[in-house]
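Engineer: Following this message is one structure expressed as structure tokens.
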Amino acid sequence: MSVEAMTLAPSSVPDLPSPWRLCVAPMMDWTDRHCRYFHRQLSGHARLYTEMIPIGALTHGDLPRHLDFHPDERPVALQLGGSDPAELAHGARLAERWGYSEVNLNCGCPSKRVRSGSFGACLMSEPALVADCIKAMRDAVSIPVTVKHRIGVDRRDDGAMAAEFVARLHRAGCSVFIVHARSAWLDGLSPRQNREVPPLRYEVVQALKRDFPDATFVLNGGLQGIDDVRRQIAHVDGVMLGRVAYHEPWTLARLEGELFAEAIAPASMHEVLLAMTGYLERVGAEGVPVRTVARCMLGLYHGRRGARRFRRLLSDPRFLETHGSRSLLEAARSVHGEDGTGDSLGLPRQAASRDLLAMPTQG
């Protein structure tokens, strides 16, 4: 059976309160096309994002390498980093031409490499320039142009900087804001520390939603699982998961059943393993190493019996070389016995969904 035939994402999606109700964050070196394909097997509705692509890579680089994606990843958004309106308009046109559902401008990354290129979180101090970028991008394409930003830079996290930033961009036509609920401390903290040290201020994002009720606000930062999502989704239009979606990916399957139409149940573990085995067969024939795909699946069994063994096997080069595209099924078989699919084998999709949703929240 072809990979396309085994795709678990629904072909049609019912009307939702917001297309951004559940999103997976753009994460450098993590959310590549293989990771996104895997996440799509867990949630048919989640909005997926590429890693941030510096605009220069689209001006001078290998376009297919940076932009190609599998059609089953949709809806998927292209995130760009840059600050030149003309270059970003060109990038937006490429995003639309390639079939992306959205183009997103990064105004939140705090790394030194990003700051040296005059984009990322430092752009929050230049709302007029960002507004020019947004207008140029919107004039160039018909797909949504969105922004991902922090609540401020350095210690400016009381909401005033974020409100000024959003107001300027809103006047320029931006209507979707993905807000990491921490400020970015541009001096003295590493990118990793910037994800953990500045305090979370969810109330700032909630205030933005109240102040700009006709705009869409997606809350990002520190969300650890189902309970956190339940608390925050009542106050904003959507949530964006980062590390928890990567390290505990079954959270996406549980949220698929929690946040969207009951008629579309999450996939079973068996279906996910079969779909990803078919995917491995296809990309393996193109020369993609098994480990490149398997690494994004190490957390699939997080919180379940055998999770450590599953991770260890899929991290073992000799195991992957021996079993090739069947490595996922063989690792699951090692964990659960001959069938290799655990307690979801043979259960109807709805029954499997109810069983999984009853699992204790992790994290």
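Engineer: Would you be able to say whether some residue in region 144-160 is in contact with a Cys (Cβ under 6 Å, 6 or more places away or on another chain), part of a strand (DSSP E or B) and of a type in the set (Val, Ile, Thr)?
Structural biologist: Yes, there is a match, as at least one residue in region 144-160 is in contact with a Cys (Cβ under 6 Å, 6 or more places away or on another chain), part of a strand (DSSP E or B) and of a type in the set (Val, Ile, Thr).
Engineer: What number of residues in region 118-142 are under 12 Å from residue 87 (Cα atoms) and assigned to a loop (DSSP other than H, G, I, E, B)?
Structural biologist: 0
Engineer: Say whether the condition of being part of a loop (DSSP other than H, G, I, E, B) and on the phi > 0 side of the Ramachandran plot is met by at least one residue in region 101-117.
Structural biologist: Looking through region 101-117, none of the residues is part of a loop (DSSP other than H, G, I, E, B) and on the phi > 0 side of the Ramachandran plot.
Engineer: Just one of the numbered conditions (1) at pLDDT 95 or above; (2) farther than 17 Å from residue 28 by Cβ; (3) surrounded by 21 or more Cβ atoms within 10 Å (Cβ to Cβ) is not true of residue 123; which one?
Structural biologist: For residue 123, the exception is condition (1).
Engineer: Please give the number of the condition residue 227 fails out of (1) over 21 Å from residue 256 (Cβ atoms); (2) among the charged types (D, E, K, R); (3) outside any loop (DSSP other than H, G, I, E, B); (4) at pLDDT 85 or above.
Structural biologist: The one condition residue 227 does not meet is (1).
Engineer: While we're on this one: When you go through 295, 318, 309 one by one, which is the residue that is farther than 19 Å from residue 47 by Cβ, in a helix (DSSP H, G or I) and within 24 Å of the chain's Cα centre (by Cα)?
Structural biologist: So the residue among 295, 318, 309 that is farther than 19 Å from residue 47 by Cβ, in a helix (DSSP H, G or I) and within 24 Å of the chain's Cα centre (by Cα) is 295.
Engineer: Residue by residue through region 38-66, note down the ones that are part of a helix (DSSP H, G or I) and among the hydrophobic types (A, V, I, L, M, F, W, C).
Structural biologist: 38, 42, 55, 57, 58, 63
Engineer: Does residue 287 count as modelled with pLDDT of 95 or more, outside any helix (DSSP H, G or I) and under 20 Å from residue 69 (Cα atoms)?
Structural biologist: In short, yes.
Engineer: May I pose another question? Give 173, 159 a once-over and let me know the one that is closer than 26 Å to residue 144 by Cα, surrounded by 15 or more Cβ atoms within 10 Å (Cβ to Cβ) and either at pLDDT below 95 or not β-branched (Val, Ile, Thr) (or both).
Structural biologist: 159
Engineer: So, residue 69, is that one at pLDDT 90 or above, assigned to a loop (DSSP other than H, G, I, E, B) and of a type outside the set (Asp, Glu) or not?
Structural biologist: For residue 69, the condition - at pLDDT 90 or above, assigned to a loop (DSSP other than H, G, I, E, B) and of a type outside the set (Asp, Glu) - is met.
Engineer: As an exercise: evaluate residue 24 against (1) touching a residue at least 60 places away in the same chain (Cβ under 8 Å); (2) surrounded by fewer than 24 Cβ atoms within 10 Å (Cβ to Cβ) and give the number of the one condition it does not meet.
Structural biologist: Checking residue 24 against (1) touching a residue at least 60 places away in the same chain (Cβ under 8 Å); (2) surrounded by fewer than 24 Cβ atoms within 10 Å (Cβ to Cβ), the one that fails is (2).
Engineer: Quickly run through region 194-210 and pick out the residues that are modelled with pLDDT of 80 or more and over 21 Å from residue 145 (Cβ atoms).
Structural biologist: 198, 199, 200, 201, 202, 203, 204, 206, 207, 210, listed by residue number.
Engineer: Further, regarding this structure: If I ask for residues that are within 18 Å of residue 180 (Cβ to Cβ) and touching a residue at least 40 places away in the same chain (Cβ under 8 Å), which ones from region 51-68 would you list?
Structural biologist: Once the filter is applied, which keeps residues that are within 18 Å of residue 180 (Cβ to Cβ) and touching a residue at least 40 places away in the same chain (Cβ under 8 Å), region 51-68 yields only 52.
Engineer: Just checking, how many residues over region 303-315 are surrounded by fewer than 18 Cβ atoms within 10 Å (Cβ to Cβ), on the phi < 0 side of the Ramachandran plot and touching a Ser or Thr at 6+ places or on another chain (Cβ under 9 Å)?
Structural biologist: 1
Engineer: Being touching a His at 6+ places or on another chain (Cβ under 7 Å), modelled with pLDDT of 95 or more, outside any helix (DSSP H, G or I) and over 21 Å from residue 301 (Cα atoms) narrows it down to one of 239, 179, 218, so name that one.
Structural biologist: 179
Engineer: Continuing with the same structure: Across region 88-100, which residue is surrounded by the fewest Cβ atoms within 10 Å (Cβ to Cβ) among those that are touching a Leu at 6+ places or on another chain (Cβ under 8 Å) and not in a loop (DSSP other than H, G, I, E, B)?
Structural biologist: Per the criteria, the residue is 98.
Engineer: Out of the residues in region 215-264 that are free of Cβ contacts under 8 Å to residues at least 40 places away in the same chain and closer than 20 Å to residue 163 by Cα, which is surrounded by the fewest Cβ atoms within 10 Å (Cβ to Cβ)?
Structural biologist: Among residues in region 215-264 that are free of Cβ contacts under 8 Å to residues at least 40 places away in the same chain and closer than 20 Å to residue 163 by Cα, the one surrounded by the fewest Cβ atoms within 10 Å (Cβ to Cβ) is 235.
The values are calculated or read from the model by the stated rules, or taken from the named source; none is laboratory data. On a predicted model such as this, the values are computed, not experimentally measured, just so you know. Positions of Cβ are backbone-derived with ideal geometry, glycine not excepted, and every protein chain shown enters the neighbour counts.
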